[in-house]
Each structure stands twice: as C-alpha cells, then as structure tokens.
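Scroll down for the structure; my scribbles are underneath it.
The values are calculated or read from the model by the stated rules, or taken from the named source; none is laboratory data. Values in this document were obtained by computation on a predicted structure and should not be read as measured data. Backbone-built Cβ (ideal geometry, glycine too); neighbour counts: all protein chains shown.
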Amino acid sequence: MDSRNQQDIADLAREYRSRISSAFVIHPKVALQGLGQDEASKAQLVDAIPDLLPFKGRDYYGFLPVIDWDHRLPSKDMILRVYAYYTKDSLAVGEADLDVRLDEIRQLDQFPEFDVPDCSGIVADEAYDFVVSRVGVLTSSRLTSAWRRDLDPRDAARAAAVVRRSSQMAGLRENTKHRPPNLGEAEAVSWTPPCESGYHRWTVDVWFLVSYDGMFGKGKSFLVDIDTRRVVVVREFTVRPD
C-alpha cells in the first residue's frame, strides 16, 4: 500500500520537477532550430507536464529528460521524454544507452534535411513521453514502459472485482442491456500512472468492451485505486485488434 498523503505527493512532485528541469539533453535536430535552449523555453516545457510519482512507493534516484525531435523540419511539437531511475546503477545504464544513441545521431546528422534517429526507447525504470505544442500546451502524456501490462494476478483480480461491484458498472450494464455476451467481462489490462489519469496514485486500468464491429472495439475504462478499492476515473476507449 502507498501510504503517502497528498501533501507528501505534492512535495515530491515539486522536487522531481526541479530535478528534471536542471538536466535537459537536447536532440541535435531540436537544437538546430533553436528550440528548448533558453531557460524560459525549458521552464515552459516543465510547467506543461503533469506531476510524476514513482510506482508503488518507490523513489526516483535520477532522471534523463530529453527534448526530442518529432521528425519534422520545422518541428510541429516538442517531445519531452523523461527517463526515470530508481537506483544509481540503473541510472548509469540509462546514461550509457543514451550516450550510444546520441553518438549514432551525431554520426548520421550530416545535413539539415536528412532524417536521423530520435531518443525513444532508452533503458529506464520508468519512461514517459510528453508531447507539448510550440506554444507550451500539453497534448498527450504516456507511460511507455512495457512493464505497465505486467499485472500481478492478485492485483488484476482485485481491480476487476471492484469494477464488477461498482455503481459505475451497474449504470453501464443498465444502459447496455443488449450487449453481446461474447464480448466478455471486465478485464484488468495495465497500470496507469498519475500523469495519465490526473489522480494522485497509480491505478489499475480495467476494460469493459461494449461493442465490436469486426474492426474496432469500444468500451469503458475504469481506473481502480486498489488501496482504497474504489473506481476513481471512468473513461471511454477505442481499440483495433492487431
């Protein structure tokens, strides 16, 4: 259980934001355009992103924040990738991985119009992508770490049970009485961080498919706080099978 209260969380978020703002790495194609290099631009980026909170009571030892390229010249958006690390050793691995990537980019970056790699996929304990417009408006936040789908079966079962018993699910069932039964029941699919949900703790995302037309599925996403055993956010989702 995460025992931190909201004041603790607010204090941590301020500390993490300060540490992120002091350590930017800028992709050469972003630097070429003069973006993200002055203190005002960096502050605008950091102010745009939501608060970060480490998973399940962990703490962040360090960060590698990268102002990355959107593969456009001129860039339409700025991509802030925040790689977060729990330990000194994991940070060292991330730094080495990023150094290799930047060397590769520098070797390929011979002409302004040529495409080069970006800085996605660097090794990290938690990896986030924040897309921020040129005027400083946040357009998306996403945890990109693949482990977000590695749910403990007990957490998954607990979250699905909370959804099945919830008033939100009762209302949804009442409004979808003709839903085909072969669409299955509520299923826990992933962890969701506070920066995606706007809620102050990590939640388990439980999906309930409402319709499927052979190409697209639509349904409701229930975010469950498994510490308090309640649904805290309900969203819509659309999915297309691979």
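List of remarks:
- Any hit, the range 198-207, residues being in a loop (DSSP other than H, G, I, E, B), of a type in the set (D, E) and either surrounded by fewer than 14 Cβ atoms within 10 Å (Cβ to Cβ) or free of Cβ contacts under 8 Å to residues at least 60 places away in the same chain (or both): no
- Filtering V224, V163 for residues that are assigned to a strand (DSSP E or B), within 17 Å of E236 (Cβ to Cβ) and among the aliphatic types (A, V, I, L, M) leaves a single hit, V224.
- Per this entry, L52 is counted among residues that are within 18 Å of V137 (Cα to Cα) and in contact (Cβ under 8 Å) with a residue 12 or more places away in the chain.
- The one condition from (1) free of Cβ contacts under 8 Å to residues at least 60 places away in the same chain; (2) surrounded by fewer than 22 Cβ atoms within 10 Å (Cβ to Cβ) that M78 does not meet is (2).
- Only one of the numbered conditions (1) surrounded by 19 or more Cβ atoms within 10 Å (Cβ to Cβ); (2) at pLDDT 85 or above is not met by Y61, and that is (1).
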